[in-house]
Amino acid sequence: MKIKAKLPLYTSITVLVSVAAIAIFSIYSFYTRTNENIENYRTEETEKIKEQLKDIVNIAYDMIAQSYEEKSAKAIEDNYGIILSESGNENIKMLAIHILNITLENLRVLRYGTDGYLWINDLEPPYTVKMHATRPELEGQSTVFNIPGTDVNVYEAFADICNEYGEGFLEYSYFKPGQTEKLPKMSFIKLFEPMGWVIGTGVYIDDIEKSVQRKTGELNRQINQLIWLTIFIGFLLVAVASVILYYLGANITDAIGNVNVQLIEMSKGHAVKKLEIDRKDEIGEMASSLDILISGVGSYTGFANEIEKGNLGAEFVPLSKGDELGNSLIEMRHSLKVAREEEKIRQLENKRRNWIAEGQELITDIIKGKSEDISIISHKIIGNLVRYLDATLGGLFLLNDDDKNDVFIEQLAVFAYSRNRFHKKRIELGEGVIGACFLEKKRIYMTKLPDDYMEVRSGLGKSDPKCLLVVLQIKKHRICWRNSENKQQKKLYKMKKCAKMLKNWKN
């Protein structure tokens, strides 16, 4: 899978997971907090009902307690001015009981809420009903009301609470009048110990459960809305992020793709152009590095082509000190330069050897097998030698020792400007450069001759040689040769080799 597809995919997965995690946490927190609120609501409403029930029973208790006190002898004496004996007066007792019954009748008509009422029953079995506000037919009877689904008599449960605590609450399910469905009910009972009565009241608390269920349903509805909203927002974020990342990824992957194409072409050895991507991020740095590499490869190629053409002086700068390829090319150029110089030297040496060999052959052909006069041979030799050396002037001298008392150097031939000069000259030993050469028996080579040292004239003008070479050749006849040259360095090596040519001239 390509990066262009990976970016949106991975981002979408990340966004979905993040949104899902946030949503789950938010929904869980909302659910927990709302449930706590619902439970708090149930508790608060239940406490309100408990307080209401308790208040009603306490009112009834106080009324009964007051009536009970009024039936005592002291109360009758205080209220009615009648003094009772210890045995009491039956009529007065009946009056006291009547007062208590009046209180019960007042309690019978007492209502609260929509259907709240009071009842009174005996604490001891058979739990005879003393007063029942809604069902007076039960009064004076022992009625068993088992809690549905159990074998527990509700009056027995009331008695147990009163015997143990004196008062308390009892929650149970019972059939509401006019309905066949069991509904939750809460009762509060309190013991009136002087009479052994259980005073109680109760209400159905299904309204609380209905409110709780309504709030729970609202909670579930809100949670469902939150879930759908989260799903919508999640997919919206994924869609927006995918679109943004698609174009952003395209911007990135296109640049990377261009770099990849260039690298593939370079791996095949093809010449490629610079990318020249104007970016300030890592991709721009990568493209810039690739451009530098392309430029470097181009410089390698150009340098190699110049070397192939023989231009060993072509300019080339390695990419860095650690540029192995660039440094190797420089080393190769150096090796080629050295090889070229060595080849030039070999060619020059071969040329010199050939030149000397040709000169020797030329002189050898002149003197080989000839019986001509030495003067004629001398003119031929010096003439050909001057022309071969491309010199201005040349002369051939011989040591004349025919007269042991008069030994001198005799000029045999002189050649200048392609013409033989027929005149003789006598040079004493030690006289001038020629005489010094004979005397010292060493080759003499002089450069930078003075302007007035020698002058050669012809019909075309005059010439002043600038260098002079005198070579002594000792054989059976002592011969010395002189050559003057106008062009100093160009023909210098030719004059230095002329002595070798004279080795073949014998006698």
*Would you confirm whether any residue within segment 136-144 is without any contact (Cβ under 8 Å) to a residue 24 or more places away in the chain, part of a helix (DSSP H, G or I) and not acidic (D, E)?*
yes
*Tell me which residues, restricted to segment 153-195, are of a type in the set (K, R) and in contact with a Leu (Cβ under 6 Å, 6 or more places away or on another chain).*
K176
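Considering only segment 328-350, I want to know if a residue exists there that is in contact with a Pro (Cβ under 9 Å, 6 or more places away or on another chain), farther than 30 Å from N305 by Cβ and not aliphatic (A, V, I, L, M).
The answer is no, given that none of the residues of segment 328-350 is in contact with a Pro (Cβ under 9 Å, 6 or more places away or on another chain), farther than 30 Å from N305 by Cβ and not aliphatic (A, V, I, L, M).
Here is a yes/no grid of residues against (1) in contact with a Phe, Trp or Tyr (Cβ under 6 Å, 6 or more places away or on another chain); (2) at pLDDT below 70:
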| residue | (1), (2) |
| --- | --- |
| I252 | no, no |
| I256 | no, no |
| V259 | no, no |
| I264 | no, no |
| L275 | no, yes |
| D281 | no, no |
| E285 | no, no |
| L293 | no, no |
| F303 | yes, no |
*Give the residues of segment 195-230 that are closer than 20 Å to Y41 by Cα and aromatic (F, W, Y), sorted by residue number.*
Y204
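Filter segment 455-479 for residues that are outside any strand (DSSP E or B) and either within 60 Å of the chain's Cα centre (by Cα) or modelled with pLDDT of 70 or more (or both) and give the result.
Step one: of segment 455-479, the residues outside any strand (DSSP E or B) are 455, 459-460, 464-466, 475-477.
Result: D464, P465, K466.
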_Condition first: under 21 Å from Y112 (Cα atoms) and in contact with a helix residue (DSSP H, G or I) (Cβ under 8 Å, 6 or more places away or on another chain). Now tell me which residues in segment 210-242 satisfy that._
S211
_Looking only at segment 246-267, how many residues end up being surrounded by 15 or more Cβ atoms within 10 Å (Cβ to Cβ), of a type in the set (S, T, N, Q) and over 16 Å from T11 (Cα atoms)?_
2
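Check N37, N58 and return the single one that is at pLDDT 80 or above and surrounded by fewer than 14 Cβ atoms within 10 Å (Cβ to Cβ).
Being at pLDDT 80 or above and surrounded by fewer than 14 Cβ atoms within 10 Å (Cβ to Cβ) holds for just one of N37, N58, which is N37.
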*Restricting attention to segment 109-125, report how many residues are under 20 Å from E193 (Cα atoms) and either modelled with pLDDT under 85 or surrounded by 13 or more Cβ atoms within 10 Å (Cβ to Cβ) (or both).*
6
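The values are calculated or read from the model by the stated rules, or taken from the named source; none is laboratory data. Quick caveat, the model's predicted, so the values are computed rather than measured. Positions of Cβ are generated from backbone atoms using ideal geometry, with glycine treated the same way; all protein chains shown enter the neighbour counts.
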